[in-house]
């Protein structure tokens, strides 16, 4: 299950350097949806209450506060990625930047904050690559933007 989440995150990063970024977002979205489905079915037995409780335990272990509401953030992220995957080519730069900010926030939390052991190092590597990808994609888009003829 976790390999699917990692695949989704790395495909998102790869989108900055691929000639067809929408394809990477689509494949990443499918990997994330498969990860979420597998977790929901295999770990939580299709129970929202079980998923909320597992989220609350994980949040408590990291922050000391027992909050299960983060499960709704995870649901929203999967839904947002599904929309992004299909809308990417038609989105303006501001929406793409907002998505990258959301992607970096959720990815960092999932790959570093809520991960333990050696996987945290992979999360740190992902975070550096994601920041580089965002910077590269931002720079490329700025260079390709129409110049003011004013």
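The values are calculated or read from the model by the stated rules, or taken from the named source; none is laboratory data. All figures in this text were calculated on a predicted structure; none of them were measured in a lab. Glycine gets a Cβ as well: all are built from the backbone with ideal geometry, and neighbour counts include every protein chain shown.
Being modelled with pLDDT of 90 or more, more than 30 Å from residue 59 (Cβ to Cβ) and surrounded by 15 or more Cβ atoms within 10 Å (Cβ to Cβ) is true for just one of 88, 100. Which residue is that?
Matching residue, one of 88, 100: 88.
List the helices (runs of 4 or more DSSP H) inside region 1-105, counting only whole elements, that have at least 1 residues being within 11 Å of the chain's Cα centre (by Cα) and closer than 16 Å to residue 138 by Cα.
Here the list reads 2-14.
Quick check on my filter: what residues within region 37-57 are closer than 17 Å to residue 5 by Cα and surrounded by fewer than 16 Cβ atoms within 10 Å (Cβ to Cβ)?
37, 38, 41, 42, 43
Which one of these does residue 78 not meet: (1) surrounded by 13 or more Cβ atoms within 10 Å (Cβ to Cβ); (2) at pLDDT below 95?
Just one mismatch for residue 78, condition (2).
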